[in-house]
Amino acid sequence: MILNKLRNIGIAAHIDAGKTTTTERLLFFTGVNRKVGETHDGQATMDFMKQEQERGITIASAAISCIWKDYQVNIIDTPGHVDFTVEVERSLRVIDGMVALFCAVGGVEPQSETVWNQAERYKVPRIAFVNKVDRSGADFLDVILQMNQNLDAHAVAFQLPVGQEEDFKGIIDLIAMKMYTFEDVKTIVSEIPDSMLAQAREYRSILIEKLAEFNEEILDSFLEDKDISEELLMSAAREATLKLLITPVLCGAAYKNKGIAQLLDAVVAYLPSPMDIGPTIGMDVDDHEKTRVRNPSPKEPFAALAFKLIHDPYVGQQTFIRIYSGVLRSGMQVMNSTKGKPERIGRILKIHAKERVEITSAGPGDIVALIGLKLTKTGDTLCDMDEQLHLESIHIPPSVIELKINPETRKDQSKLGEALSRLVNEDPSFHARFDEETEETVIAGMGELHLEILVDRLKSEFGIPVVVGEPSVAYRETISQEVEVEYRHSKQTGGKGQFAQVYIRLEPNEGLGYEYLDKIKGGSIPNEYIPSVNKGIVKTMANGVLAGFPVVDVKVVLLDGQFHPVDSSDFAFQTCASIAFKQGFMKATPVLLEPVMKIEVNTPDEFIGDIVGNLNKRRGKIESMRRHRKGSQKLNGYVPLQEMFGYATTLRNLSSGRANYSMEFYQYMPVSKALQEEILKKLAEKKRLEAAR
């Protein structure tokens, strides 16, 4: 495959904007599918998980290859529901360009903003496709206005719809100045009707004016009122899109096959190849200040990023990777530089949603699945054994909601452990642990739907029926002041004793996670026991001190200590550090942190007062209100997750079912002193009742 003719693209948007339907049409138009699969009848190619087919939503990002006009297009279809935002995140990390889908009726929805911001983080060039222009309430130009107001998208119309809602007849191409109408999968090209000519010229002039800002040749021709060729406009549009200066906006109705061929043409014309993206920059394995450069060439040393793991019942674990440089061959040994251990490559598979085609080698730009990797997890770098580097990993948001689960029968306990271990491997935003006190398994994830799907998979995929408790908030613990603490651990039990002494300082480390610094001078603790102190602290942090929640944002400085030549050991220093940390933590004014969510509510004007009042009662803060459509508004604000259980029903009752909302994790914030006491009291009572049971 010529690298210039390869496109790795993602399709992302708010839930129900029509991503999977659009992808199915792309596959049909490129000849991958002989017939079109529909989301609503559970036949979509990309939604092959049972849970996706039942709910009509995409859960796991799926990748597929197709050919359009001699170009290979690798498409990654991603979920729109905020609970699966990590799927979008890891897809955006490995794609080169994105098609951002918007509903012509809904416009810029909350998850559209989340996806857009994720694409901004990875600097992904994108084009926009406004879908469902044939639906009642569709307004193509208003969606462009919303994109510019709410996303700062530099959105420019490259097409105009001919008619909207039930009158949608076709599309005007503002570069070619032609009209396209559609019969089944055929595009009929004709001249623009007189009734639309003035509007088409006006919007073409806006398009040229925008491109003239970045291209002198177009600017000169525009000022001299000369004709500008299609080729020049397309080449300038491509360059501006790749530099994130504009977002070309197209329109259509995917369900009725309208605008799909033109969308494929735009993907090829405006989105980047791996050559356009250029070299990938990694870090030197030994010196993180130094960088390592890999060009997208088969002659360079091999470098790839693992971005997804799934378990296939037929072939076992598949590790999806994006190759940035070099050539990967089956049987080859590569280094997992994240783990510092080698891996042997077994089988290499090319992806067609749930079908896999075995290949013997893969090169730069390829997205493939590997069978047989033992150690590699999401975000790990695979590279040449002799030319090692670390590639930027994947941002994983914290899990904010917990659920207690138990197998229906005790004999399934070990099976449950194995199944959860597999699911944790697949999904880095999912966590599971066993609570020794209550003898229950606790799972944690991004939201109620996220955990519901995973529990469903335990039942259907792994055959383990489980009893599920009530969802609860995943709090965190931290400290609010600096303290120093000294602790001596000394035990004599007849034989060899245990001895360790540490002197540590605990400091608040807001937003920076956990840090451990060794400030010992003069060898009062031997070097081999310095990591033991860290190990003891890390274990204690995982199980919490104040109320059993993980400890975050603490800096620990090891200042001094003592050891005994016979009685000191790794275990003694771990135990000593653990007790010292607990004592220091309780002296440092411990604080509970709660997850606070960013919320957006779309509501008709008449319900605003009641909705704002209800959010205030839930400790919410309204940040802004803005006009969404005529007669409706969007409220944006922040609200603690603890207060939001059952909100969907309340909102439905407050608005007669006419308002909707979306939430996503914002950040962990300290709770008030009074609330902290209340939460701790409730937790103590809950533990007492569980112990009595």
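The values are calculated or read from the model by the stated rules, or taken from the named source; none is laboratory data. Note that this is a predicted model, so its numbers are computed, not measured. Because the Cβ atoms are built from the backbone with ideal geometry, glycine has one as well, and the counts that use them run over all protein chains shown.
Given the condition out of contact with any Pro (no Cβ under 9 Å at 6 or more places or on another chain), without any contact (Cβ under 8 Å) to a residue 60 or more places away in the chain and not small (Gly, Ala, Ser), answer yes or no: does some residue in segment 544-555 qualify? Looking for residues that are out of contact with any Pro (no Cβ under 9 Å at 6 or more places or on another chain), without any contact (Cβ under 8 Å) to a residue 60 or more places away in the chain and not small (Gly, Ala, Ser), one finds none in segment 544-555, hence no. Suppose we filter segment 266-295 for residues that are assigned to a loop (DSSP other than H, G, I, E, B) and either in contact with a Gly (Cβ under 9 Å, 6 or more places away or on another chain) or surrounded by 21 or more Cβ atoms within 10 Å (Cβ to Cβ) (or both); how many remain? Number satisfying all stated conditions: 5.
Is it the case, given these coordinates, that Leu263 is out of contact with any strand residue (DSSP E or B) (no Cβ under 6 Å at 6 or more places or on another chain) and crowded, with 18+ Cβ neighbours inside 10 Å? Taking the combined requirement at face value, the residue does not satisfy it. Could you look through segment 384-430, keep only residues that are of a type in the set (Val, Ile, Thr) and in a strand (DSSP E or B), and pick out the one that is farthest from the chain's Cα centre (by Cα)? Result: Ile405. Screening Thr241 with (1) of a type in the set (S, T, N, Q); (2) free of Cβ contacts under 8 Å to residues at least 12 places away in the same chain; (3) surrounded by 15 or more Cβ atoms within 10 Å (Cβ to Cβ) gives one miss only, at (2). Close Cβ contacts (under 7 Å, 6 or more residues apart or on different chains) running from residues in segment 661-690 that are at negative phi and in contact (Cβ under 8 Å) with a residue 24 or more places away in the chain to residues that are aliphatic (A, V, I, L, M) and assigned to a helix (DSSP H, G or I) comprise Tyr661/Leu651; Ser662/Val82; Met663/Val82; Glu664/Val82; Val671/Ile679.
Strands (runs of 3 or more DSSP E) fully within segment 1-115 that include at least 1 residues being at pLDDT 85 or above and of a type in the set (Ser, Thr, Tyr): 71-77.
If the condition is being under 12 Å from Val557 (Cα atoms) and part of a loop (DSSP other than H, G, I, E, B), then segment 519-533 contributes Lys519, Ile520. Restricting to segment 361-380, and then to whatever is under 23 Å from the mean Cα position of the chain (by Cα) and at positive phi, can you tell me which residue is surrounded by the fewest Cβ atoms within 10 Å (Cβ to Cβ)? Checking each candidate, the answer is Gly379.
Hey, does segment 188-211 have a residue that's closer than 22 Å to Phe28 by Cα, of a type outside the set (Asp, Glu) and surrounded by fewer than 17 Cβ atoms within 10 Å (Cβ to Cβ)? Taking every residue of segment 188-211 in turn, at least one turns out to be closer than 22 Å to Phe28 by Cα, of a type outside the set (Asp, Glu) and surrounded by fewer than 17 Cβ atoms within 10 Å (Cβ to Cβ).
Scanning segment 616-635 for residues that are within 29 Å of Ser480 (Cβ to Cβ) and touching a strand residue (DSSP E or B) at 6+ places or on another chain (Cβ under 6 Å), which turns out surrounded by the most Cβ atoms within 10 Å (Cβ to Cβ)? Per the criteria, the residue is Gly620.
Kindly indicate whether Glu113 is within 17 Å of Val249 (Cβ to Cβ), surrounded by fewer than 24 Cβ atoms within 10 Å (Cβ to Cβ) and in the same structural domain as Ala13 (by TED's automatic domain parsing). So Glu113 passes the test. Within segment 125-155, the set of residues being assigned to a loop (DSSP other than H, G, I, E, B), surrounded by fewer than 24 Cβ atoms within 10 Å (Cβ to Cβ) and of a type in the set (A, V, I, L, M) comprises Leu151, Ala153.
Every test in (1) within 28 Å of the chain's Cα centre (by Cα); (2) surrounded by fewer than 19 Cβ atoms within 10 Å (Cβ to Cβ); (3) of a type in the set (D, E, K, R) is passed by Asp553 save one, and that test is (2).
Check whether at least one residue in segment 234-253 is among the β-branched types (Val, Ile, Thr), in a loop (DSSP other than H, G, I, E, B) and under 19 Å from Pro272 (Cα atoms), and report yes or no. Among the residues of segment 234-253, at least one is among the β-branched types (Val, Ile, Thr), in a loop (DSSP other than H, G, I, E, B) and under 19 Å from Pro272 (Cα atoms), which makes the answer yes.
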